[in-house]
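Below you'll find the structure, written out as structure tokens, and then a few comments.
The values are calculated or read from the model by the stated rules, or taken from the named source; none is laboratory data. Computed from a predicted structure; not experimentally measured. A quick note on method: Cβ atoms are made from the backbone with ideal geometry, for glycine too, and the neighbour counts reach across all protein chains shown. Each accessible area value is taken on the protein alone, full model and side chains, heavy atoms only, with ligands, DNA and RNA left out. Shrake-Rupley method; radii C 1.70, N 1.55, O 1.52, S 1.80 Å.
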Amino acid sequence: MNATSRFDTAELSFDDFKKIVINDYRIGYESRQASLLGRREVLTGKAKFGIFGDGKEVAQLAMAKAFKVGDWRAGYYRDQTFMFATGMSNLKEFFAQLYANPDIEKDPASAGRQMNCHYATRFANPDGTWVNQAESMNCSSDISTTGGQMPRLLGLAYASKLYRENKELEYLKQFSVNGNEVAFGTIGNGSTSEGLFFETFNAAGVLQVPMAISIWDDAYAISVPGELQTTKGDISEILKGFQREDGTNGYEIFKVRGWDYPALCETYERAISLCRSEHVPVLIHVTEMTQPQGHSTSGSHERYKSKERLEWENEHDCLLQMRKWMVESAIATDEQMDEIEAKAKQHVRDCQREAWNELANEIKAELSEAAKLIEDLAQSVRDQEILDIAAGLRSCTDPTRRDVVNSVRKALRMSIKSDSDERMYLSHWLTEQNEKNKERFNSKLFTNTPQSPLHVPVVKARYNADSRLIDGREVLNACFDANFARDKSIVAFGEDVGAIGDVNQGFAGLQNKYGNLRISDTGIREATIIGQGLGLSMRGLRPIAEIQYLDYLIYAMPVLSDDLASLSYRTRGGQKAPMIIRTRGHRLEGIWHSGSPMGMLLNSLRGVHICVPRDMTQAAGMYNTLLRGDEPALVIESLNGYRLKEKLPVNVGEFTVPLGKAEIMKEGTDITVVSYGSTLRIVMEAIPELEEMGVNIEVIDPQTLYPFDLDGVCGTSLKKTNKLLVIDEDLPGGGSAYILQKILEQQKGYYYLDAQPRTLTGHEHRPPYGSDGDYFSKPSVDDVIETVYSMMSEANPAKFPPIY
Ligand SMILES: Cc1ncc(C[n+]2csc(CCOP(=O)(O)OP(=O)(O)O)c2C)c(N)n1
Ligand SMILES: [Mg+2]
């Protein structure tokens, strides 16, 4: 018996019961030994950092009993026992991750990328197809930021609701069986102070989703005690208002002690079966937990816990209490328990050694290859210092790949002037290793599978004689309508998205047509709107999560940056979330309705495509692309463009705008002007006056900032104009600095310049309210004309005398 078993067999004999309990204890005890040994490995320098689940074992055994195939977990770094007890992880993987083994086979959760005890199962195949989630146990990938798992948890639970209530989704059999799946969340007592926890908690109560939150309450958050974290020092006490009553929605709330095995098993059984069958969210507040080794390897808890508290923790150690109960209940004798423990200890040691040796042997093999090649080089150039490098490398205790590669690079530097074959062999070896290490440490920021939106075929927009000029928002509306009809897995939600079809009418009429399970209103809760989308997209649905204005995206940044953007990378492609974030921004009115913080987004969302369509037709084409690909993307529509007239393409739900393709909006010879979004229109308005002044600009719209102009259209344009002006309405050094780096460095535009590259941006503050506020804070037509002209004047003052 490996994983835990339930007590729900109809005729459970006392013998069977004993076996199950003993097996549970073994799992818990092995987990404890792994924590103890893991800490030792850090202290002796074999691993960098350790955080463990000691003191939380027994509750997790109980939780694992209630966890079924098809279910989901979104938790945090204390859950190793749960992972072992469900079979979603094991001891060898535990140590492989502790040692940062970059092999997916050894650490399937993160390929060595995450700190230890950050769990995940792999549900995206290398070819981009999905694993059958209905037939597996599923664990969404942990993140280190406390409380960050909560918004995603909401989405995972909400998917079950959609699968149960929307019968049109029955064809998606690999994701759900009638929405019976419970999403299990875990969080520390201290982390419930986070806004993300409260936002999630409230949203799930409104939505009535099968979400089961367990709070592991050890009365501390590192050194800060519960009374300084939580009102009344008791989280379930203050959440009592969420308790459902006759005729209301809400929660069922349970409170149970973390060392009481029978009570825990009984509580989880009751709580989860209610949650599963009726889709009622439940809270299980597990109190009186301990931390036998303190918070992590970073410091000792003796610094901040009183002697009395430490004594109390020793006495209430959950495994000690479980053992006591087992002996008292005649489940096992003390001798039997000693034997179980001794065996478990040995087994953990064996797993640890194997995990260590597997990585160490691989590195040792690389090391001896490298050392031999360096020695050959040293002999060929007769250099003792190079020979010393090889000797130094060979004498490394517990060598790392860094040691190996560092020695090779050093030897190559020291032999720059040699052209011996040996140097070439060493150099080739390094090139090969670089490729492998790139795969190990730098790959999979995006899924990069055949399903990537970058591989969606380009279909041009078609128009015919009847093609009408309509409001931009109507083009979008027609695009969404066509996609909702085509793909039943698409859902859209956000503030004011349902009944009124969003504040700018992009979804107008679609709730009536497709129902409120597919197009729905949410509360004002940006972080969990994103979490809702993230969880849904992990479970095979195609969410468009709407954030009302770009400026409000800041409230969702923790989820976007920590969770969504890093998902593919931190699982090395094992998980994916093809969600679309729809928002609108750039200029309108006032400090919180005219932002264009593209630099902020570009700097924090690597891993999410960023699309900045200039009009609604381009936006529609991008949605068509993204809805057919499997990577996450943010689409920022131009807030002031919904009522501008555009021609409705005949194939409005089919044509695609490829990502990373810049478009030359106007050809010219004098200056390359790169701009996007709302500002692009201002640049276009400046053209006639500039032409009158004798200046012929080339205007390029990159269309997507990330990826940026993959064909180097901007760089090529510079070969002709030799002058570059980047215009946007972000702060100075924001989005424009990013664009300069792309064009000047990556596309090598620097070599074609004959004038200083310039940027024209918004001011350093947010724009004040009103037309004058806009004029004096954001680039205007006047600014564009005069900046372009001044660049011409600088180059040729005789022909272009200065204006001022
Ligand atoms: C957003 C964020 N803030 C702070 C931290 C640093 N930190 C890591 S664990 C921790 C304490 C968490 O305590 P609790 O939620 O009670 O969980 P426990 O470790 O006690 O199980 C803190 C402050 C973090 N990882 N993320
Ligand atoms: Mg705690």
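Some notes on this structure:
- So Phe184, is it away from ligand 2 (no atom under 11 Å from the Cβ), within 28 Å of Asp54 (Cβ to Cβ), in contact (Cβ under 8 Å) with a residue 24 or more places away in the chain and not in a strand (DSSP E or B): no
- Pick from the stretch 21-75, criterion free of Cβ contacts under 8 Å to residues at least 60 places away in the same chain and crowded, with 20+ Cβ neighbours inside 10 Å, ranking: farthest from Gln346 (Cα to Cα): Gln60
- Counting only helices (runs of 4 or more DSSP H) that sit wholly inside the stretch 656-745, those with at least 2 residues that are in contact (Cβ under 8 Å) with a residue 24 or more places away in the chain and open to solvent by 40 Å² or more (accessible area, probe 1.4 Å) are 677-692, 713-721.
- Helices (runs of 4 or more DSSP H) fully within the stretch 189-293 counting 2 or more residues that are within 16 Å of ligand 1 (Cβ to nearest atom): 195-207, 235-238
- Restricting the stretch 160-188 to residues that are out of contact with any Leu (no Cβ under 7 Å at 6 or more places or on another chain) and among the basic types (Lys, Arg), the residue that is nearest to ligand 1 (Cβ to nearest atom) is Arg164.
- If you filter the stretch 187-226 down to residues that are of a type in the set (A, V, I, L, M) and under 20 Å from the mean Cα position of the chain (by Cα), you find that the one that is farthest from ligand 2 (Cβ to nearest atom) is Leu196.
- Residue check for Asp246: within 30 Å of Gly45 (Cα to Cα) and either free of Cβ contacts under 8 Å to residues at least 60 places away in the same chain or within 12 Å of ligand 2 (Cβ to nearest atom) (or both): no
- The listed residue being part of a helix (DSSP H, G or I) and either more than 21 Å from Met579 (Cα to Cα) or out of contact with any Ser or Thr (no Cβ under 6 Å at 6 or more places or on another chain) (or both), out of Ala461, Ala485, Ala499: Ala485
- Residue count for the stretch 104-159 under the criterion of being outside any helix (DSSP H, G or I), buried (at least 19 other Cβ atoms within 10 Å of the Cβ), within 16 Å of ligand 1 (Cβ to nearest atom) and not small (Gly, Ala, Ser): the result is 8.
- Single residue of Ala96, Ala10 found to be crowded, with 17+ Cβ neighbours inside 10 Å and away from ligand 1 (no atom under 16 Å from the Cβ): Ala96
- Single unsatisfied condition, Thr447 versus (1) closer than 30 Å to Gln703 by Cα; (2) part of a helix (DSSP H, G or I); (3) in contact (Cβ under 8 Å) with a residue 60 or more places away in the chain: (2)
- Criterion: of a type in the set (Ser, Thr, Tyr), in contact with a helix residue (DSSP H, G or I) (Cβ under 9 Å, 6 or more places away or on another chain) and within 27 Å of Thr761 (Cα to Cα) - qualifying residue of Ser537, Ser561, Ser520: Ser561
- Checking each residue in the stretch 373-398 for being part of a loop (DSSP other than H, G, I, E, B) and without any contact (Cβ under 8 Å) to a residue 12 or more places away in the chain picks out Arg382, Ser395, Thr397.
- Residue match in the stretch 593-606 (condition: within 20 Å of Val497 (Cβ to Cβ) and modelled with pLDDT under 95): yes
- Residues within the stretch 178-210 that are touching a strand residue (DSSP E or B) at 6+ places or on another chain (Cβ under 7 Å), over 21 Å from Tyr555 (Cβ atoms) and of a type in the set (Gly, Ala, Ser), tallied: 3
- Residues being part of a helix (DSSP H, G or I) and touching a Lys or Arg at 6+ places or on another chain (Cβ under 9 Å) are represented in the stretch 569-591 by at least one member.
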